[in-house]
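Here the structure is laid out as structure tokens; the discussion comes afterwards.
The values are calculated or read from the model by the stated rules, or taken from the named source; none is laboratory data. As the structure is a prediction and not an experimental result, all values here were calculated from the model. In this analysis, Cβ positions are derived from the backbone assuming ideal geometry, glycine residues included, and neighbour counts consider all displayed protein chains. All accessible areas refer to the heavy atoms of the entire protein, side chains included, with ligands and DNA or RNA removed. Shrake-Rupley method; radii C 1.70, N 1.55, O 1.52, S 1.80 Å.
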Amino acid sequence: MNYITIASEGRFEEDIKKSRFICHLKRIRTEDEARDFIQDIKKKHHKANHNCSAFILGERSQIKRSSDDGEPSGTAGVPMLACLEKLHLTNVVAVVTRYFGGIKLGSGGLIRAYSGNVSHAVEAIGRVDVKEQQGIHLTLSYAQYQDLGAFLNRYQLVENGTLFSTDVQTEVFVDQTETSAIVSSLTEFFHGKARFELSDIRAVEVPLI
């Protein structure tokens with residue numbers, strides 16, 4: 001498992017030459033979820049001129065669909081889909097609602113408006129890299145724990161589920177291919193005095209900057 005998707009469900013609105021463009025983004029696991037979301041947006045914005053859509057599904061992005069919903073052919077759904085592809089996203093649906101403001105944008109303007117609205121929405125919401133990573137469970141003294149931050153910063157790792165008792169227990173997740181190297185580095189960093197063991201392999205969401 002390794003794919004990129006949006007960090008969370010969300011929306012982004014902007015005005016372009018007096019037309020309102022509202023991009024709605026949602027994570028999906030099936031085509032039915034995508035179509036249900038599209039229909040929900042259409043119901044909520046039934047007075048809008050257009051509710052154009054695009055979605056990509058599968059870890060290999062094998063399912064792709066788009067709709068211009070009444071806009072000139074190729075000026076909305078396809079540019080939206082191309083934007084999702086350019087950002088390497090999958091398991092995501094985008095619906096852009098347009099309330100026409102009276103000024104025609106032309107084919108080029110529509111393409112820029114719809115693709116740009118999706119791009120701005122993704123930028124605002126953020127992306128995550130979903131991957132299976134190996135957990136490493138650490139048991140540390142309080143003195144060792146005070147030094148852990150420096151190690152995590154060095155390798156850009158994040159602690160999870162930290163518990164404070166007579167000692168400190170926490171967990172970090174690393175790419176499976178880097179497990180041996182991180183374990184060796186932990187051993188060296190704590191001079192062989194820290195206790196740790198491999199735990200579960202989990203799907204972890206790593207924020208992309």
Taking the condition touching a helix residue (DSSP H, G or I) at 6+ places or on another chain (Cβ under 7 Å) and farther than 21 Å from Lys131 by Cβ, does Ala143 pass?
no
Does region 93-121 hold any residues that are under 16 Å from Cys23 (Cα atoms) and surrounded by fewer than 24 Cβ atoms within 10 Å (Cβ to Cβ), and which are they?
Tyr99, Phe100, Leu110, Ile111, Arg112, Ala113, Ser115, Gly116, Ser119, His120, Ala121
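Could you please let me know if Gly109 is farther than 28 Å from Val128 by Cα, touching a strand residue (DSSP E or B) at 6+ places or on another chain (Cβ under 9 Å) and part of a helix (DSSP H, G or I)?
Numbers: farther than 28 Å from Val128 by Cα: yes; touching a strand residue (DSSP E or B) at 6+ places or on another chain (Cβ under 9 Å): yes; part of a helix (DSSP H, G or I): yes.
Yes.
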Every residue in region 41-74 that is open to solvent by 40 Å² or more (accessible area, probe 1.4 Å), among the acidic types (Asp, Glu) and under 25 Å from Lys18 (Cα atoms), please.
Asp69
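When region 1-22 is examined, which residues are found to be part of a strand (DSSP E or B), out of contact with any Ser or Thr (no Cβ under 8 Å at 6 or more places or on another chain) and within 22 Å of Gly58 (Cα to Cα)?
Of the residues in region 1-22, the ones part of a strand (DSSP E or B) are 2-6, 10-16, 19-22.
Then keep just the ones that are out of contact with any Ser or Thr (no Cβ under 8 Å at 6 or more places or on another chain); that gives 2, 6, 10-16, 19.
The answer is Asn2, Ile6, Gly10.
From the list Gly149, Gly135, Gly161, which residue is touching a Ser or Thr at 6+ places or on another chain (Cβ under 7 Å), more than 30 Å from Ala48 (Cα to Cα) and loosely packed, with under 14 Cβ neighbours inside 10 Å? If you could, list the steps in order and put the result at the bottom.
Numbers: Gly149 fails: touching a Ser or Thr at 6+ places or on another chain (Cβ under 7 Å); Gly135 fails: loosely packed, with under 14 Cβ neighbours inside 10 Å.
Only one candidate qualifies: Gly161.
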Find all pairs meeting these conditions: Cβ atoms under 8 angstrom apart; at least six residues apart or on different chains; first residue within region 194-205 and more than 12 Å from Asp175 (Cα to Cα); second residue among the charged types (D, E, K, R).
Ser199/Glu171
Can you tell me how many residues in region 20-61 are among the aromatic types (Phe, Trp, Tyr) and closer than 10 Å to Val96 by Cβ?
1
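Which residue out of Glu59, Glu132 is modelled with pLDDT under 95, within 17 Å of Ile6 (Cβ to Cβ) and not in a helix (DSSP H, G or I)? So that I can check it myself, show each step before the final result.
Working: Glu132 fails: within 17 Å of Ile6 (Cβ to Cβ).
Of Glu59, Glu132, the one residue that is modelled with pLDDT under 95, within 17 Å of Ile6 (Cβ to Cβ) and not in a helix (DSSP H, G or I) is Glu59.
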